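What follows draws every value from the coordinates through simple rules; no lab data is involved. This is a predicted model, so every value here is computed, not measured. For neighbour counting, all protein chains shown are included, and Cβ atoms are generated from backbone atoms with ideal geometry for every residue, glycine included.
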Amino acid sequence: MFTAIAYIMVVISKQIPVNVAGFLNMDFSNVIIVIGGLIYGPVSAAVIAVVVAFIEMLTISQTGFYGFIMNVINTCSFACVTAVLYNRKRSMRSAIISLVAGCLSVTIVMTLWNYIITPVYMGVPRQVVAKMLIPVFLPYNLLKSGINAVLVVMLYKPVIDGLRRAGFAASPAGADKGKVNWGLMAAALFVLISFVLLFLILAGVL
């Protein structure tokens, strides 16, 4: 189910006509994969990430095997790190800390892998890509993961509650219980709007 929804989000994301540097797009499938990892663990997140990236490569991807590799690395460095940390202690505070760690992880990892793989994919000297790492790739990955992380914060509670009512997720004592924290939701919405505006500025839309 999570794999199917994540793939649908990939398709929807590709319809958004906003990109950075002409080829770096927003991808909301990570929201679904991270939520899956928070609920079912990092191994599940990794499996979903690989399957979604593989199906994307076979169907709608224009970047082929390079895109598959980068998608897997991107998603796993975000979703798996977040899931590993969160599953040590399940609480809202732990979730936020884990998501921040996931954002930092994917930003650092993708900056490195863009330096390694992007020159091959683009067919340009590595020095060209090196000049893009700090002004382009670093803020892009930070903002992209930040937007996804805030959406996870906003959607996790309704998703886990729905899955528990349907019997697809357990209800361990003391975990993820309580009413929706509207103060947190308001703060998350403010951060989300700020990140989206910054992303649009980086993409040259604003």
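Under the rule of -39500 (n - 2.57) per DSSP H run of 4 or more residues, summed and divided by the residues of the chain, what mean residue ellipticity at 222 nm is obtained, to the nearest 500 deg cm²/dmol?
-25000 deg cm²/dmol
Using the Cα atoms of the chain, I'd like the radius of gyration and the largest Cα-Cα distance, Dmax, both in angstrom.
Just the Cα atoms of the chain yield Rg and Dmax of 17.0, 55 Å.
What translational diffusion coefficient, in µm²/s and rounded to a whole number, does the Stokes-Einstein relation yield for segment 131-174 at 10 °C and a viscosity of 1.306 mPa s, taking the hydrodynamic radius as the Kirkwood radius over Cα pairs?
This corresponds to a translational diffusion coefficient of 124 µm²/s.
Work out from phi, with θ = phi - 60° and the Karplus expression 6.51 cos²θ - 1.76 cosθ + 1.60, the ³J(HN,Hα) of each residue of segment 111-119, listed in order in whole Hz, and give x for Gly and Pro.
The phi angles translate into 4, 5, 6, 5, 5, 7, 9, 4, x Hz.
What FRET efficiency would be calculated for the residue pair LEU133, MET1, taking the C-beta separation as r and a Förster radius of 35 Å, to the nearest 0.05?
On the way: r = 37 Å, r/R0 = 1.05.
Once the sixth-power term is evaluated, E becomes 0.40.
So, in Å, what gap is there between the alpha-carbon centers of segment 14-87 and segment 91-162?
About 10 Å separates the Cα centre of segment 14-87 from the one of segment 91-162.
What FRET efficiency do you get for TRP182 and VAL51 if R0 is 25 Å and r is their Cβ-Cβ distance, rounded to the nearest 0.05?
That gives a FRET efficiency of 0.10.
Please state the relative contact order of segment 45-160 as a whole percent: Cα pairs under 8 Å, 6+ residues apart?
Working: 97 pairs, mean separation 25.9, N = 116.
About 22 percent, as a whole number.
For the chain, what is the relative contact order in percent, using Cα pairs closer than 8 Å and at least 6 residues apart in sequence?
Working: 242 pairs, mean separation 42.4, N = 206.
So the answer I get is 21 percent.
Could you go through segment 88-94 in sequence order and give the Karplus-derived ³J(HN,Hα) for each residue, using 6.51 cos²θ - 1.76 cosθ + 1.60 with θ = phi - 60°, rounded to whole Hz, and x for Gly and Pro?
For segment 88-94, the Karplus-derived couplings read 6, 8, 8, 7, 5, 4, 5 Hz, x marking Gly and Pro.
At 7 Å along the Cα-to-beta-carbon direction for both VAL124 and SER94, put a label point, then send me their distance in nm to one decimal.
Each label point lies 7 Å from its Cα, and together they span 4.3 nm.
Helix 182-202 versus the longest principal axis of the chain: what angle, 0 to 90°, nearest 10, using Cα atoms?
The answer is roughly 10 degrees.
In Å, what is the Rg of the alpha-carbon atoms in segment 12-96, and how long is Dmax?
Cα-based Rg and Dmax for segment 12-96 come out at 13.8, 40 Å.
Angle, helix 29-40 long axis vs. longest principal axis of the chain, Cα atoms, 0 to 90°, nearest 10?
Roughly 40 degrees between the two axes.
How many nm is it between the label spots at ILE201 and ASN87, if each spot is 7 Å from the Cα in line with the beta carbon?
3.8
Lys pairs in the chain, Cα-Cα under 30 Å, at least 8 apart or on separate chains: how many?
Pairs that pass both the separation and distance tests number 13.
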